[in-house]
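Participant: Next up is a structure, given as structure tokens.
The values are calculated or read from the model by the stated rules, or taken from the named source; none is laboratory data. Because the structure is a prediction, the values reported are computed rather than measured. For neighbour counting, all protein chains shown are included, and Cβ atoms are generated from backbone atoms with ideal geometry for every residue, glycine included.
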Amino acid sequence: MTKFSMKSVFVGAALVIGSLGVAQVSMASNAGGEHKMEHRNWSFNGMFGTYDVEAMQRGYQIYREVCSSCHALDHMSFRHLGDKGAPFYSSEYPNPNDNPVVKAFAKDWMVPDIDQDSGDVIERPGIPADKFPQIYPNSIAAAASNGGAVPPDLSVITKARTGGADYVYAILTGYHEAPHDFHLSEGMNYNVAFAGNQIAMAAPLSDGLVEYATRTVPGEHGGEPHVITPPEATVDQMASDIVQFLTWAGDPKMQARKNLGFATFLFLFIFSLLLFLTYKQVWKDVEH
Amino acid sequence: MSGHSTYEPKYAAEKWIDKRLPIVRMGVDFMAFPSPRNLNYWYAFGGILTLCLMSQIITGIILAMHYTPTVGEAFNSVQRIKRDVPFGWLLQSMHAVGASMFFLAVYIHMFRGLFYGSYKAPRELLWIIGCAIYLAMMATGFLGYTLPWGQMSFWGATVITGFFGAIPVVGESLQQWLLGGYSVGNPTLQRFFSLHYLLPFVIAALVGLHVWAVHHVGQNNPIGIDIKTKEDTLSFHPYYTMKDGFAIAVFLMIFALFVFYLPEALGHADNYQRANPMVTPPHIVPEWYFLPFYAILRAVPDKLMGIMLMFGAIVVLFILPWLDTAKVRSMRFRPTTRRFFYIFLFMCFVLGWCGAHSPDDIAIPMGHGGMTFKWVSRVATLYYFAFFLFLLPVLGWVEKTKALPDSITKAIHDGEA
């Protein structure tokens with residue numbers, strides 16, 4: 001036990017953080033149940049991971065055409081779709097309220113309002129500033145329409161489930177024929193990824209359920225326009241696309257977060273190096 | 001060790017101020033404070049903690065401008081902060097991660113104090129004020145965790161306030177008084193928000209006393225012997241401002257790692273589900289920094305007994321200066337105690353591990369069954385109390401300590417500091 005070096009500080013810090021990580025992992029493995037969730041190689045994983053814009057856009061299509069019949073996006077407005085880092089961001093329209101794609105999506109939804117002349121409750125086509133509408137008037141109605149289970153809000157679903165994106169993907173692709181000896185309750189569906197293996201939601205995806213459109217993108221600098229051929233709408237592909245969209249919906253500032261994080265690290269690294277050299281300089285004549 | 005003031009006002013205005021309110025003198029003396037010259041990096045955590053407190057207060061004040069403390073809107077307003085408030089995602093992340101970093105730093109600071117005997121005369125009050133700060137931090141952390149109004153917020157608050165209900169005779173009325181009703185609800189959330197805003201300023205005041213006390217008695221140091229001559233010391237600035245500054249920058253990198261790349265790693269997925277009094281989460285777990293105490297609480301079957309043990313675990317810290325009977329401060333010169341200290345440190349981690357699991361799950365598999373977390377926590381809890389109530393008093397009497405150096409300067413010269 002002589003001098004404590006910087007090394008021991010690092011080792012100490014690493015130990016503490018490592019043990020926190022272990023606690024975290026062990027908690028996570030508790031909640032998952034018997035099914036082992038596959039860790040997928042998402043484009044947004046890791047320190048430099050980004051969302052796949054094409055996939056997010058297809059994911060929005062799936063949300064609109066499939067999920068939105070039961071699931072709301074409580075914390076989202078249409079304008080969020082055109083924010084920086086969002087699926088339909090366009091550098092031409094820094095204000096998402098002006099983005100024609102976002103406007104068109106908003107118009108596609110009917111939102112509740114109060115008529116400004118008569119005070120009557122009305123419905124009108126949405127504008128980008130509107131929130132995504134609720135699907136059911138209240139949670140009792142939601143439960144009544146879905147065999148007693150309230151379809152959860154999807155705007156934070158990847159945050160609200162242990163396993164996040166991997167878990168949502170596992171649920172969407174986890175529908176199988178129930179084993180013979182498995183007792184499935186009335187109105188329930190067998191899913192290997194769900195705790196207890198009985199889920200109220202019927203399999204939402206099936207091969208070819210949606211039609212991914214072929215898009216023509218104008219070429220850069222007046223070049224030849226090129227055609228983007230979409231992938232085949234298999235269950236795996238659709239599940240992966242909706243997960244991209246929902247992960248963005250739950251963490252719309254991820255890109256800004258990682259970018260600022262990188263800049264912060266760069267700064268802190270140089271700053272700590274300078275401080276270390278200053279410290280050595282100041283202490284150079286001191287025996288310690 | 002306050003020593004003589006070295007400040008000499010040069011200009012007329014300085015002299016005028018110095019006669020009426022010697023605030024510049026205070027600042028100058030603070031920066032020139034004679035610190036032992038053998039302080040290591042473990043002594044940087046005081047500065048790190050000051051930074052943590054400041055960061056929590058500043059981010060908290062801005063968050064409070066956008067947060068709505070009602071059961072209907074609290075959850076939504078946190079989402080709104082993260083999505084629509086400019087840099088709200090950063091403030092929210094810094095505040096939530098900051099709480100964990102604050103506790104990480106305070107635990108290191110406390111273990112450092114324990115190891116080098118920084119609670120021994122004449123630093124008993126310094127230590128006790130520190131314990132009071134820790135207690136206020138725990139209260140603030142708990143209150144703050146309720147505010148996002150997720151499932152863990154709600155059920156954590158329900159479990160913790162339930163402890164008070166177990167107190168004989170007055171328990172039930174006390175619990176209702178705290179909650180503002182029969183269960184956790186809107187009145188609870190509003191008072192928790194109010195107190196969560198108040199307590200950090202109480203902590204800041206206590207920190208003021210803590211710093212005052214350390215400046216009065218002087219810093220302890222790794223070899224735990226008193227400063228004898230001026231040679232044993234260095235001016236706080238520039239020597240320790242630079243050394244601590246470097247340590248703070250390294251700490252900030254760990255902080256930034258969590259803020260920017262692992263913002264959810266220390267939280268719980270259930271807290272992204274809006275509080276629902278009708279649905280109890282399968283595992284109610286507190287934040288990681290409460291896990292050791294949670295394990296002590298659940299180590300005994302009786303609720304009141306558990307609560308007494310949990311509070312007792314903190315009370316022993318307050319009376320620690322009189323439990324440790326040794327004359328020698330630093331454990332560097334107490335080889336036997338040092339070994340028991342490392343076991344104590346290990347047991348604290350074990351308690352944290354137990355706190356994160358269900359008491360009846362198997363912790364250590366043996367044959368067909370094994371040792372459950374409940375039994376592991378019992379062993380660790382026993383050691384926790386035995387360390388303070390038996391080992392420290394007894395070892396103080398019986399242990400043969402190593403010879404202390406004559407002075408800090410000599411120890412440095414001999415390569416012992």
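Participant: Hey, residue A:223 hits all of (1) away from every other protein chain (no Cβ under 14 Å); (2) surrounded by 13 or more Cβ atoms within 10 Å (Cβ to Cβ) but one; which does it fall short on?
Facilitator: Residue A:223 satisfies all of (1) away from every other protein chain (no Cβ under 14 Å); (2) surrounded by 13 or more Cβ atoms within 10 Å (Cβ to Cβ) except (2).
Participant: Out of region A:272-288, which residues are assigned to a loop (DSSP other than H, G, I, E, B) and more than 7 Å from every other protein chain (Cβ to nearest Cβ)? Can you show your working first?
Facilitator: Of region A:272-288, the ones assigned to a loop (DSSP other than H, G, I, E, B) are A:283-288.
A:284, A:285 - these are the residues of region A:272-288 that are assigned to a loop (DSSP other than H, G, I, E, B) and more than 7 Å from every other protein chain (Cβ to nearest Cβ).
Participant: For region B:382-417, enumerate the residues that are away from chain A (no Cβ under 14 Å), part of a helix (DSSP H, G or I) and either surrounded by fewer than 17 Cβ atoms within 10 Å (Cβ to Cβ) or modelled with pLDDT under 95 (or both).
Facilitator: Those that are away from chain A (no Cβ under 14 Å), part of a helix (DSSP H, G or I) and either surrounded by fewer than 17 Cβ atoms within 10 Å (Cβ to Cβ) or modelled with pLDDT under 95 (or both): B:382, B:385, B:386, B:389, B:390, B:393, B:394, B:397, B:398.
Participant: Anything in region A:72-84 that is closer than 17 Å to residue A:156 by Cβ and surrounded by fewer than 23 Cβ atoms within 10 Å (Cβ to Cβ)? List them, or say none.
Facilitator: Residues of region A:72-84 closer than 17 Å to residue A:156 by Cβ: A:72-77, A:80-81, A:83.
The answer is A:72, A:74, A:76, A:77, A:83.
Participant: Sort through A:286, A:282, A:243 and tell me the only one that's at pLDDT 95 or above and over 28 Å from residue B:84 (Cβ atoms).
Facilitator: Working: A:286 fails: at pLDDT 95 or above; A:243 fails: over 28 Å from residue B:84 (Cβ atoms).
After ruling out the rest, the residue left standing is A:282.
Participant: Identify the single condition in (1) surrounded by fewer than 19 Cβ atoms within 10 Å (Cβ to Cβ); (2) facing chain A (nearest Cβ under 7 Å); (3) closer than 14 Å to residue B:104 by Cβ that residue B:252 does not satisfy, given that it satisfies every other one.
Facilitator: If we test residue B:252 against (1) surrounded by fewer than 19 Cβ atoms within 10 Å (Cβ to Cβ); (2) facing chain A (nearest Cβ under 7 Å); (3) closer than 14 Å to residue B:104 by Cβ, just (1) comes out false.
Participant: Looking only at region B:75-82, decide whether some residue is assigned to a helix (DSSP H, G or I) and away from every other protein chain (no Cβ under 13 Å). Before the answer, list the steps.
Facilitator: Of region B:75-82, the ones assigned to a helix (DSSP H, G or I) are B:75-82.
Still in the list and also away from every other protein chain (no Cβ under 13 Å): none.
The answer is no; no qualifying residue exists.
Participant: Tell me yes or no: at least one residue of region B:165-180 is at pLDDT below 95 and under 23 Å from the mean Cα position of the chain (by Cα).
Facilitator: The answer is no; no qualifying residue exists.
Participant: Let me ask another. Name the residue, out of A:60, A:51, that is part of a loop (DSSP other than H, G, I, E, B), modelled with pLDDT of 95 or more and more than 10 Å from chain B (Cβ to nearest Cβ). Working first, answer last.
Facilitator: Numbers: A:60 fails: part of a loop (DSSP other than H, G, I, E, B).
Result of the check over A:60, A:51: A:51.
Participant: OK, next. Have a look at B:99, B:132 and point out the one that is under 30 Å from residue B:278 (Cα atoms) and either in contact with a Gly (Cβ under 8 Å, 6 or more places away or on another chain) or part of a helix (DSSP H, G or I) (or both).
Facilitator: Working: B:132 fails: under 30 Å from residue B:278 (Cα atoms).
Exactly one residue qualifies, and that residue is B:99.
Participant: Looking for whichever is within 9 Å of another protein chain (Cβ to nearest Cβ) and either under 30 Å from residue B:408 (Cα atoms) or not hydroxyl-bearing (Ser, Thr, Tyr) (or both) here; the options are A:182, A:269. Which one fits? Before you say what the answer is, go through the steps one by one.
Facilitator: On the way: A:182 fails: within 9 Å of another protein chain (Cβ to nearest Cβ).
Exactly one of A:182, A:269 is within 9 Å of another protein chain (Cβ to nearest Cβ) and either under 30 Å from residue B:408 (Cα atoms) or not hydroxyl-bearing (Ser, Thr, Tyr) (or both), namely A:269.
Every residue, every condition in (1) modelled with pLDDT under 95; (2) under 16 Å from residue B:116 (Cα atoms); (3) surrounded by fewer than 22 Cβ atoms within 10 Å (Cβ to Cβ); (4) out of contact with any Cys (no Cβ under 7 Å at 6 or more places or on another chain), yes or no:
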| position | (1), (2), (3), (4) |
| --- | --- |
| B:322 | no, yes, yes, yes |
| B:331 | no, yes, no, yes |
| B:337 | no, yes, no, yes |
| B:345 | no, yes, yes, yes |
| B:354 | no, no, no, yes |
| B:357 | yes, no, no, yes |
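Participant: Any idea which of A:94, A:87 is under 19 Å from the mean Cα position of the chain (by Cα) and not in a helix (DSSP H, G or I)? Full working, then the answer.
Facilitator: On the way: A:94 fails: under 19 Å from the mean Cα position of the chain (by Cα).
Going through A:94, A:87 in turn, the sole match is A:87.
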